[in-house]
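Trainee: Here's a structure for you.
The values are calculated or read from the model by the stated rules, or taken from the named source; none is laboratory data. What you see is a predicted model, and the numbers here were worked out from it, not measured in a lab. All Cβ positions, even for glycine, are placed from backbone atoms using ideal geometry, and neighbour counts span all protein chains on display. Heads up: the accessible areas ignore ligands, DNA and RNA and are worked out on the full protein's heavy atoms, side chains in. Shrake-Rupley method; radii C 1.70, N 1.55, O 1.52, S 1.80 Å.
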Amino acid sequence: MMSFDECPPFDESYDYVKKSVERTSRWAERGLKAHANPDRQGLFGIIQGAGFEDLRRQSAHDLLSMDFPGYSIGGLSVGESKAEMNRVLEFTTPLIPEHKPRYLMGVGAADSLIDGVIRGVDMFDCVLPTRIARNGTCMTSKGRLVVKNAQYARDFRPIDENCDCYTCKNYSRAYVRHLIKADETFGLRLTSYHNLHFLLNLMKQVRQAIMDDNLLEFRQHFFEEYGFNKENAKNF
Ligand SMILES: [Zn+2]
């Protein structure tokens, strides 16, 4: 479970973020003391500091002195660019010892997951795959597919031809679209299931690429297929 923290806007002023980091450290200390049950769940400290390197260092220094079982990187994926997020990860992730789990909060876009892992992140969670699924949007190996669009009304291919999930093995784009258009919640369950399967399968491939020592080649190949930087992938 997570410490109580403050997550300021990414473009907040230095002075505000400094006070906010100090407040988050005080809360973390109080939370840790209150969390003294021996069979407790692992309590993570959350490193804040927006885009300021010295404040991220201060936050990590404060929290590391409390020796949490794991560490979260908060205050990212709050509207800053992907380049900014990667810049902050590059100086923040190395502050966390390798034997502690490193968790990047609120990141669920396929390209950001891969870029986070490359910068040392172990864990993620995010509402993105199910939130966009409930809006009729699917993550696929070729980028975003808005299955409720009219162009899929007579498209009898699966949502993702490279996916072996229950949805893709059993239902067509046309049928899923029909369900969503008819306000049948089963359609949203099918898109949610597909998106979760897509991300779990992606991370399985990432783990394999790490073991095969070719993560950067994997990234290159994935991004080419996925259309990263192309218009249809901009919201991921
Ligand atoms: Zn699928």
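Trainee: Treating only the Cβ atoms of Lys and Arg (+1) and Asp and Glu (-1) as charged, compute the dipole magnitude of the range 142-204 about its Cα centre; round to the nearest 20 debye. Display every interim value, and only then the final one.
Mentor: Numbers: 11 positive and 6 negative charges, 27 e Å.
For the range 142-204, the charge dipole is close to 120 debye.
Trainee: Name the shape class, rounded, prolate or oblate, that the alpha-carbon gyration tensor gives for the range 113-236, where a ≥ b ≥ c are the square roots of its eigenvalues, rounded holds for a/c under 1.5, and otherwise prolate holds if a/b is larger than b/c and oblate otherwise.
Mentor: Note, shape of the range 113-236 comes out prolate.
Trainee: Let me ask another. Can you list, by residue number, the Cys in the chain that have no neighbouring cysteine C-beta under 4.7 Å?
Mentor: CYS7, CYS126, CYS138, CYS165, each lacking another Cys Cβ under 4.7 Å.
Trainee: Along the charge dipole of the range 40-141, pointing to its positive end and built from +1/-1 on Cβ of Lys, Arg, Asp and Glu, which listed residue (LEU63, ILE96, LEU128) has its Cα farthest out?
Mentor: LEU128
Trainee: In debye to the nearest 20, how big a dipole does the chain give about its Cα centre with +1 on each Lys and Arg Cβ and -1 on each Asp and Glu Cβ? Numbers along the way, then the final one.
Mentor: Details: 31 positive and 32 negative charges, 174 e Å.
Computed about the Cα centre, the dipole is about 840 debye.
Trainee: May I pose another question? What do you get for the angle between helix 14-34 and the principal long axis of the chain? Use alpha-carbon atoms, 0 to 90 degrees, nearest ten.
Mentor: Relative to the chain, helix 14-34 is tipped by roughly 80 degrees.
Trainee: Another question, if that's okay. How do the peptides 78-87, 100-109, 151-160 rank, highest first, by the average count of neighbouring beta carbon atoms within 10 Å per residue? Kindly include the intermediate steps, with their values, before the conclusion.
Mentor: Details: 78-87: 14.2, 100-109: 20.7, 151-160: 15.9.
Highest to lowest by the protection proxy: 100-109, 151-160, 78-87.
Trainee: Checking the table LYS148/LYS204; LYS19/LYS204; LYS33/LYS82; LYS33/LYS204 against a 32 Å threshold on Cα-Cα, which pairs fail?
Mentor: Beyond 32 Å between Cα atoms: LYS19/LYS204; LYS33/LYS82; LYS33/LYS204.
Trainee: Going by alpha carbons, how many degrees (0 to 90, nearest 10) lie between the helix axis of 215-226 and the longest principal axis of the chain?
Mentor: 40 degrees
Trainee: Sorted by packing (mean other beta-carbon atoms within 10 Å per residue), highest first, where do 200-208, 68-76 land?
Mentor: Sorting 200-208, 68-76 by mean packing, highest first, produces 68-76, 200-208.
Trainee: Shifting gears a bit: Among the aspartates and glutamates, which have Cα under 13 Å from the Cα of LYS169 when same-chain residues fewer than 8 positions away are ignored?
Mentor: In chain and number order, the partners are ASP160, GLU161.
Trainee: Give me the 1.4 Å probe accessible area per residue for the chain, excluding ligands and nucleic acids, in Å². The partial results should precede the final answer.
Mentor: Details: 12530 Å² over 236 residues.
Spelled out: the 1.4 Å probe surface of the chain, per residue, equals 53 Å².
Trainee: Charges on Cβ only, +1 for Lys and Arg, -1 for Asp and Glu, centred on the Cα centroid of the range 83-236; of GLY116, ASN214, SER141, which one is farthest towards the dipole's positive end?
Mentor: Checked the options; the winner is SER141.
Trainee: If I take the Cα coordinates of the chain and project them onto the principal axes, what are the three extents in Å, biggest first?
Mentor: Taking max minus min along each principal axis of the Cα atoms, the chain gives 59, 37, 37 Å.
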